[in-house]
Amino acid sequence: MKTMTKYVGLDVHKDTTVIAVADGGRDGEVRLYGEISADLGALEKVLRKLGGEGITLHVVYEAGPTGFVIYRRLQQLGIDCIVVAPTKTPVEKGPRQKTDRRDAILLARLHRAGELTAIHVPDAVDESVRDLTRARADAVHDLTRARQRLKSFLLRQGYRYSGKANWSDAHQRYLRELVLPLPALKAVLEECLLAIDQATQRVTRLEELLAVQVPLWRMYPAVAALMTLRGFQLTAAAVLVAELGDVRRFSHPRHLMAFLGLIPREHSTGTTRRQGAITKAGNAHARWILVEAVQHAFLPPKVSAPLALRQKDQPTAFRELSWKIQVRLHQRGWHLLHRGVMKAKVTVALARELAGFVWDLLRQVPAPKS
């Protein structure tokens, strides 16, 4: 029986999905199928009509706020589907019109031409851990903003804390003992303190959940290996592993650096080569964790008691690599600083180098079971 191939482009939104179909072959017809509701049942019904006997479907849609529900459902149905990044979808420079119908037709045409690159789609459990780590990051951000609001309010009233450490026990006693002249000001102070307490409790709850969930995760061996590095405790290691997934999908550390947005921008033509700031085009959460962890590189190399405890049951190769990373990044960081390079640039350069070491370390961890 002769088989046919159809390429289906989906422009997915919260309430609607626009469908376009491109027939197989270079000169196959590309047509708009129509618009349906965003319900999975409606999409399955359309795909059953399009994919009759002897017809193979290849579906594509762009990653967005609707997540990977469609991808996982089509995988269950045995229908080939890929998800692509909107930033990597080729766009024609001539037309200046962008509609859902044009987007769906463009996706179907490009998928048939093989011009689209699929992104990595985590499984449901991996994505749940990633959502948990991102919820913790959001809670920390809310806590930081609540603290900043309180400090700004007190500064407007002429109150400045002269102690050594902000948000220490002494600082919090100082805030509790403040006496403001007006009842309204005292009410604002109490509301700010209450918001800080609530945000702190939320961060604590999420960290406790991470401490319970991560050891049960199939990627925990990678988390434990990453915890042998200085600056990576359970939360930081879980964040990085959840964002990166299996690093074996990156064939070279430079590919990981590009995924993290840590490589410089470049605009070169002819004999002229111009490089600028880093692209920041990749995973912002993983990049943030690397930048935070690399701050330890400015301190003298040291295996502290907590780090030695985390390294206790790990292979010797991991411990040796951990020490090599400490020495290398410390030497490199101070060399760049003594050359007069801005500390912010040095930090990013060290984070980029740390990404290469992380790639090397995690590739030595046995592949997780599906």
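The values are calculated or read from the model by the stated rules, or taken from the named source; none is laboratory data. What you are looking at is a predicted structure, and each value in this text was computed from that prediction instead of being measured. Neighbour counts are summed over all protein chains in view; Cβ atoms, including those assigned to glycine, are modelled from backbone coordinates with ideal geometry.
Looking at the stretch 300-313, which of its residues are surrounded by 16 or more Cβ atoms within 10 Å (Cβ to Cβ) and under 16 Å from GLN364 (Cα atoms)? Lay out the reasoning, then the answer.
Pass one, the stretch 300-313, residues surrounded by 16 or more Cβ atoms within 10 Å (Cβ to Cβ): 301, 307, 310-311.
The one that is surrounded by 16 or more Cβ atoms within 10 Å (Cβ to Cβ) and under 16 Å from GLN364 (Cα atoms): GLN311.
What pairs come out if I take residues in the stretch 202-220 that are touching a residue at least 24 places away in the same chain (Cβ under 8 Å) and pair them with residues that are surrounded by 12 or more Cβ atoms within 10 Å (Cβ to Cβ) and outside any helix (DSSP H, G or I) whose C-beta lies under 6 Å away, six or more apart or interchain?
Pairs found: ARG218/PRO368; MET219/PRO368.
Output yes when any residue across the stretch 300-313 is in a helix (DSSP H, G or I), in contact with a Ser or Thr (Cβ under 7 Å, 6 or more places away or on another chain) and assigned by TED's automatic domain parsing to the domain that holds VAL247, and no when none is.
First, the residues of the stretch 300-313 that are in a helix (DSSP H, G or I): 305-310.
Now drop any that are not in contact with a Ser or Thr (Cβ under 7 Å, 6 or more places away or on another chain), which leaves 310.
Right, trim to assigned by TED's automatic domain parsing to the domain that holds VAL247 and you get 310.
So far as the stretch 300-313 goes, yes, one or more of its residues are in a helix (DSSP H, G or I), in contact with a Ser or Thr (Cβ under 7 Å, 6 or more places away or on another chain) and assigned by TED's automatic domain parsing to the domain that holds VAL247.
Checking the structure you have, find out if any residue of the stretch 286-294 is loosely packed, with under 15 Cβ neighbours inside 10 Å and of a type outside the set (Lys, Arg).
No, the stretch 286-294 contains no residue that is loosely packed, with under 15 Cβ neighbours inside 10 Å and of a type outside the set (Lys, Arg).
So which residues in the stretch 73-87 are under 17 Å from LYS14 (Cα atoms) and part of a helix (DSSP H, G or I), if there are any at all?
Those that are under 17 Å from LYS14 (Cα atoms) and part of a helix (DSSP H, G or I): ARG73, PRO86.
When you scan the stretch 319-370, how many residues do you find that are farther than 22 Å from GLU243 by Cα and in a loop (DSSP other than H, G, I, E, B)?
So the answer is 4.
Quick test for you: out of TYR71, TYR33, pick the one residue that is more than 23 Å from GLU127 (Cα to Cα) and either in the same structural domain as ASN283 (by TED's automatic domain parsing) or not polar (S, T, N, Q) (or both).
Exactly one residue qualifies, and that residue is TYR33.
Being surrounded by fewer than 20 Cβ atoms within 10 Å (Cβ to Cβ), more than 29 Å from ASN283 (Cβ to Cβ) and in contact with a His (Cβ under 8 Å, 6 or more places away or on another chain): is that true of THR5 here?
yes
Return a yes/no flag: does the stretch 138-159 have any residue that is part of a loop (DSSP other than H, G, I, E, B), at pLDDT below 95 and loosely packed, with under 13 Cβ neighbours inside 10 Å.
Keep residues of the stretch 138-159 that are part of a loop (DSSP other than H, G, I, E, B), which gives 157-159.
Retained after the next criterion (residues that are at pLDDT below 95): 157-159.
With loosely packed, with under 13 Cβ neighbours inside 10 Å added as a condition, the list becomes 158.
Looking through the stretch 138-159, at least one residue is part of a loop (DSSP other than H, G, I, E, B), at pLDDT below 95 and loosely packed, with under 13 Cβ neighbours inside 10 Å.
Evaluate the following for ALA137: is it within 26 Å of LEU244 (Cα to Cα) and without any contact (Cβ under 8 Å) to a residue 60 or more places away in the chain?
For ALA137, the condition - within 26 Å of LEU244 (Cα to Cα) and without any contact (Cβ under 8 Å) to a residue 60 or more places away in the chain - is not met.
Here's the yes/no breakdown for (1) among the polar types (S, T, N, Q); (2) surrounded by fewer than 13 Cβ atoms within 10 Å (Cβ to Cβ); (3) modelled with pLDDT of 90 or more:
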{"residue": "ASP11", "(1), (2), (3)": "no, no, yes"}
{"residue": "LYS14", "(1), (2), (3)": "no, yes, yes"}
{"residue": "VAL21", "(1), (2), (3)": "no, no, yes"}
{"residue": "GLU29", "(1), (2), (3)": "no, yes, no"}
{"residue": "SER37", "(1), (2), (3)": "yes, yes, yes"}
{"residue": "GLY41", "(1), (2), (3)": "no, yes, yes"}
{"residue": "GLU44", "(1), (2), (3)": "no, no, yes"}
{"residue": "LEU47", "(1), (2), (3)": "no, no, yes"}
{"residue": "GLY54", "(1), (2), (3)": "no, yes, no"}
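Please work out which one of (1) buried (at least 17 other Cβ atoms within 10 Å of the Cβ); (2) not in a helix (DSSP H, G or I) is the condition LEU178 fails and give its number.
Failing condition for LEU178: (1).
Is it the case, given these coordinates, that ALA124 is touching a helix residue (DSSP H, G or I) at 6+ places or on another chain (Cβ under 8 Å), loosely packed, with under 13 Cβ neighbours inside 10 Å and touching a residue at least 24 places away in the same chain (Cβ under 8 Å)? Spell out how you get there, then give the answer.
Values: touching a helix residue (DSSP H, G or I) at 6+ places or on another chain (Cβ under 8 Å): yes; loosely packed, with under 13 Cβ neighbours inside 10 Å: yes; touching a residue at least 24 places away in the same chain (Cβ under 8 Å): yes.
So ALA124 passes the test.
Could you grab me the full set of residues in the stretch 160-171 that are surrounded by 11 or more Cβ atoms within 10 Å (Cβ to Cβ), of a type in the set (Ser, Thr, Tyr) and under 22 Å from LEU185 (Cα atoms)?
Matches in the stretch 160-171: TYR161 only.
So which of ALA20, ALA42, ALA38 is in contact with a His (Cβ under 7 Å, 6 or more places away or on another chain) and on the phi < 0 side of the Ramachandran plot? Lay out the reasoning, then the answer.
Details: ALA20 fails: in contact with a His (Cβ under 7 Å, 6 or more places away or on another chain); ALA42 fails: in contact with a His (Cβ under 7 Å, 6 or more places away or on another chain).
Answer to the selection: ALA38.
Quick check on the stretch 221-260: of everything there that is part of a helix (DSSP H, G or I) and more than 18 Å from the chain's Cα centre (by Cα), which residue is nearest to ARG328 (Cα to Cα)?
Selected residue: ALA225.
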